Structures are given as structure tokens and as C-alpha cells.
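Single-structure report; data block below.
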Amino acid sequence: MGRDVFYITTPIYYANDVPHIGHAYNAVNTDFIARYHRLRGERVFHLTGTDEHGLKVARAAEAQGLTPQAWTDKLEASWREVWERLDVGYDDYIRTTQPRHHAAVAKLLQTVYDNGREDIYLGHYEGQYCVACEAYYDESDLLEGNLCPVHERPVEFFREDNYFFRLSAYADRLIAHYEAHPDAVQPETRRNEVMSLLRGGLQDFSISRTTFDWGVPLPWDETHVTYVWFDALTNYVTAAGYGDDPARFAEVWPATIHSIGKDILRFHAVYWPAMLMAAGVELPTQVWAHGYLTVGGKKMSKTNLTGIHPFQLVDHFGVDSYRYFWLRQISWGSDGDFSWEAMVERHNADLANGLGNLASRVLAMLGSYFDGVVPDVELEGCQDDLPTVIAEAAARYDAHMLAVELQAAVVAVWSIVDRLNGYLVEKEPWKIAKDPERRAELAGVLYAAAESLRILAVLIQPMMPAAAERLWDQLGLEGAAVEQRVPAAVTWGGLPPGTVTHKGDSLFPRLDA
Ligand code: MSP
């Protein structure tokens, strides 16, 4: 059941505005995980999309003088354009306005409504609502001046008849589930947060709205539309074929990882599993909540000019450096700050002077001493510890990726870059080249260096897919980096003698601070 596929999801992003680097941070990291599992030969299903219903989106559309449908159609294109330029390679793009999703929401709701436990009942709610969060708050959770604790913006008082979901009945079952599956919420700090929420007891939440109509109508009472979070969370089963394609659903569900930001943990680790329990659907394997990005120490927002669009950076750094920066700079799970200086520094140190410089030196030497043709060599005696260092680094990389320790995974790969640099300094092939008697030794050293680059191209593919292809191409290898599979492709000695390499443009041109 459902374990045939590595199913990873991003949250579906609100279609009230265009993406900023905070959203892209989530998407790039998730894409790294998805690509890595593909590199391991797993069947991967990577889902993303847009959350298009609710008051927040309806108001954004109104402000533009458009219908919500016209507005979300327009925004879908802006989101997809960003993912394309960032090499975020999703397998399906879901929009909550799609008919397939309406059908799945109606099916899930009806299943819960009919489960015989009165898990959905009609009630009345009044309270303070944050439209940006699309959530009610207890007075005691608000900041001074009646501000939402997440957005620090004024909440609004709403009073309406709603249907409620009996979340309160699920606290014990959720506690039991998380006790039996300690990895189901990660990292540990987030797990602890969820456990203490659950131990504090849960309140029922309203799952319908009557004050506006931009949403999925309740199947048994069309005067109500579904609460946007109940609607949005359901996207994860919609895309797996829930209620529509049982064979596919059995293959794809449960999701392996829901990758989310820490701000939406409660919805994913409390509401969502309870909804699934109520509908008799298996729970996702893991919710992974990453940290929050700030700019110059401040929350990102348009009003204080910290809402940076990813293109502002990609235009300058290129997509590979952009991706690398986030993966390497901030531990996935911790909060992190963006600064222009840090990004230039990483680019120059790790990419331009690191991997990029290494590749151009090795390819240049192969060009000058062997006309670019990979020599046939007796490797013993000149490869030193490179095969062991690489095998160990690839194993560490794998272990870190499986544990979703993304930064440590990148560091593991860079230990190969460092060792290869050291190797060249020790061997000094440019000196060996001066002595015609040492031709075989020169061939061995350059073969070992080029072979290390080949393996690096495979290993960096999930992080920097475009750079990996450029390197693959410069090495003159057949096929593409994206077609390689580990561990076979990182086994030492895979570079065929006779391969014709060429030193192309530098992989990562140096940037001025
Ligand atoms: N629509 C809901 C999610 C529904 S999922 C069933 C939503 N959308 S969002 O557009 O506001 O946020 C999408 C994701 O972007 C969330 O995981 C959120 O944590 C992430 N980020 C938004 N701003 C961010 C930062 N400044 N830093 C890191 N991630 C951030 O919530």
C-alpha cells in the first residue's frame, strides 16, 4: 500500500500574490529531496500547486478588479514561471479550483459527515479571524492591540453559522499515533511543539463559511463553502487519485513527506491527520517543517521592501548558485537570514573558486597534455585515497539525504571538492607534465581527477541540475547527468578512456562583491 512511490509535497501556495524567496526556499529544498530520490532510482511523485480559494484570495482579486477565477488563472502562470526558472521539477501542479479537486473535497467531506460519529455538526462561531492566516484565534493568543501573532496585523471579528469538525475527539488518537511513530513530525523541536499542543487538548474547528462563496460548496448544504484549510489540505489526496482512481491511490498514498514551513505545522500535524482518521484514510508518513527566512533580520513583506522576488537574485547569480546558496547556507529546520554579501561569498568561495575552478583546471590540463582525450591508464599508484574519500562521502550524502539533513548532505559532497583540490596540490600535474618520462603518471593523475569530476557531476545533480549537465557535457560523457543512478554511477572507474572532453565556459563565473 502506497509505499511504491516516494511521494513528496510542497504546501500549495496562496494565489493572492506572486512568490517571494521564502516560498522559493521551500520549493527548492523540496525539489532537492525529490531529485535525490530519483537519482536513487526510486519512483518519485513531487507535487506542488496553488491554494486558490478563501477570503484572502477573493479579496486580492477584488483589489485588482478581477474575478477570483481570472485572478488565480493569472497568478498560476507567475508561480509556474518561477518554478521553471528555478529548475523546480514537479510532476503535477494542482490548483484547488480544478474539478478533480472539488470532487475530492466533496468526497472527503461526505465520508466524514457519514462516518456515524457526528464528526461534523452545525454550530455557531464568533471570534477574531486573521485573513492572512485564514484562521480564528483565541483572544489569549493575540499580540497587544489585537494583532495576529504570525502576521502582526489586525484580526477581524467574525460571527457566522458554521459546520464544525470534531477535532477535540482526536487528541488521544493523535498522541498515540505520534508516540508510535516518533519520526512522523520532524525535526524534533516541531514534534515537541505538536505533542504539547495535543496534550493541551484540542478545540473543534469550523469547516465552512457562509459570508462569501469563493470555495467548494458543502455537498449536503450548498449554502456553505468549505473552509479554505480543509479544502487546501485535501489537495494531497486529490493528486494521489483519492475517490477517483483507487488503484493509483493505493500506489501513491500515503505521502512520504509533506514539506512545509513551521508556520503551518498545526494544520499539517493536527488538523490534517485528524481529518484523515475521520475519513478512514491512512496518515502521511512524515511532516517535515523547515524554518523561516528573514531578510536583514526582518520578516519578509512587500510593505517593508523585504519581499524579494527570486528573479532579483537569479538574474544576478544564476539558477545553480541560487539553489546552492539556500541548500548550503541554512540548516533545513532552522531559521535563516538572507544577505546579499553572504550569497556573493558562498558563490565565490564554494562555486567559482571551488568546484568551478577545479573543473576548469583539470579540463584545461587534459586539453593541453592529452588533446582533451581521457587517457587509458593504470590507476593503481596514482589515485591515492580518492576512491575511498569519494565512496565515504557518497555514503554520508545518502545517509544525510534519507534523514532530510540537507545542509550536511551538501557539506558531504563538498568534502570531495576539498580533497580533489588537495590531491592536485600534492600531485602537481603541471610539474609532472614537464618530464616526458612521467607521461604514464601524468595520465593517471588526470584520469583520477576527471573521474572525480564525473562523480561530482552525478552527486550535484539534485542540487544544481543545470550545472551538473554543463559539467557532464564538458567531460564529454554520453547521455545526461539526470539519467544517472546511484550507487552504480558513482562507482570509481566509470569514466571511459577515449572520452573527448572540452573546456567550455567556466561553470560559475566569479562575481564582484
Ligand atoms: N496556502 C497555505 C498552505 C496550504 S498547504 C495545504 C499557505 N500558503 S503560503 O503561500 O502562505 O505559504 C506557503 C509556504 O511558504 C509555507 O510552507 C510557508 O511556510 C512558506 N513560507 C512563506 N514565507 C516564508 C518565509 N519567509 N520563509 C520560509 N518559508 C516561508 O500557507
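The values are calculated or read from the model by the stated rules, or taken from the named source; none is laboratory data. What you see is a predicted model; the values in this text were computed from it and never measured. Cβ: placed from backbone, ideal geometry, glycine included. Neighbour counts: every protein chain shown. Areas reflect the complete protein model, heavy atoms only, side chains present, ligands, DNA and RNA absent. Shrake-Rupley method; radii C 1.70, N 1.55, O 1.52, S 1.80 Å.
For this structure, a couple of remarks:
- In plain terms, the chain from Ser331 to Arg438 could stretch by 33.9 nm, reckoned as 0.36 nm per residue minus the Cα-Cα distance.
- Expected-Rg normalisation [2.2 N^0.38 Å, Cα atoms] applied to the chain: 1.10
- Scanning residues 5 or more positions from Val295 or on other chains, those with amide H under 5 Å from its amide H are Met300, Phe338, with H placed 1.01 Å from N in the peptide plane.
- A DSSP coil position with no more than 11 other Cβ atoms inside 10 Å describes the following GluC sites (Glu not before Pro) in the range 82-184: Glu118, Glu144.
- With the cut-off at under 19 Å, measuring from each backbone N in the range 263-298 to a point 7 Å along the Cα-to-Cβ line of Leu402 picks out 285-288.
- Applying the Karplus relation 6.51 cos²θ - 1.76 cosθ + 1.60 with θ = phi - 60° to the range 411-416 yields 3J(HN,Hα) values of 4, 4, 5, 5, 5, 6 Hz, where x marks Gly and Pro.
- With each label modelled as a point 7 angstrom along the Cα→C-beta vector, the Ser78-Gln312 pair spans 1.4 nm.
- Per-residue ³J(HN,Hα) for the range 229-234, Karplus 6.51 cos²θ - 1.76 cosθ + 1.60, θ = phi - 60°, Hz, x for Gly and Pro: 6, 4, 4, 5, 4, 5
- Helical runs assigned H by DSSP (4 residues or longer) give the chain a calculated mean residue ellipticity at 222 nm of -13500 deg cm²/dmol, each run adding -39500 (n - 2.57) before division by the residue total.
- Among the GluC sites (Glu not before Pro) within the range 309-416, those in coil by DSSP and having at most 15 neighbouring Cβ atoms inside 10 Å are Glu378, Glu380.
- Rounded percent of accessible protein surface that carbon and sulfur make up, the range 234-351, 1.4 Å probe: 52
- Against the chain, whose longest principal axis comes from its Cα atoms, helix 99-113 is set at around 50 degrees.
- Extension gain for the segment Met195 to Asp385, taken as residue separation times 0.36 nm less the Cα-Cα distance, is 63.7 nm to one decimal.
- For the range 451-468, Karplus couplings with θ = phi - 60° (6.51, -1.76, 1.60), whole Hz, Gly/Pro x: 5, 5, 5, 4, 5, 4, 4, 5, 5, 7, 3, x, 7, 9, x, 6, 5, 4
- Amide hydrogen proximity for Tyr163: with H placed 1.01 Å from N in the peptide plane, the residues at 5 or more positions away or on another chain lying under 5 Å are Gly123, Ile207, Ser208.
- Taking a straight line from the alpha carbon of Lys56, these lysines sit under 28 Å away, with near neighbours fewer than eight places off in the same chain left out: Lys74, Lys107, Lys262, Lys298, Lys299, Lys302.
- Extension gain, Asn115 back to Glu188 (0.36 nm per residue minus Cα-Cα distance, nm): 22.9 nm
- DSSP-defined beta bridges in the chain - what % are antiparallel, rounded to 5: 50
- Of all lysines in the structure, those lying under 25 Å Cα to Cα from Lys427, and not within fewer than 8 positions of it along the same chain, are Lys503.
- Shape category assigned to the range 320-431 from the gyration tensor of Cα positions, a/c cut at 1.5: oblate
- The overall shape of the range 243-386 is oblate: from the C-alpha gyration tensor, with semi-axes ordered a ≥ b ≥ c, the ratio a/c is 1.5 or greater and a/b is no larger than b/c.
- The Cα atoms of the range 387-513 give a gyration tensor whose axes a ≥ b ≥ c have a/c of 1.5 or more with a/b greater than b/c, which makes the shape prolate.
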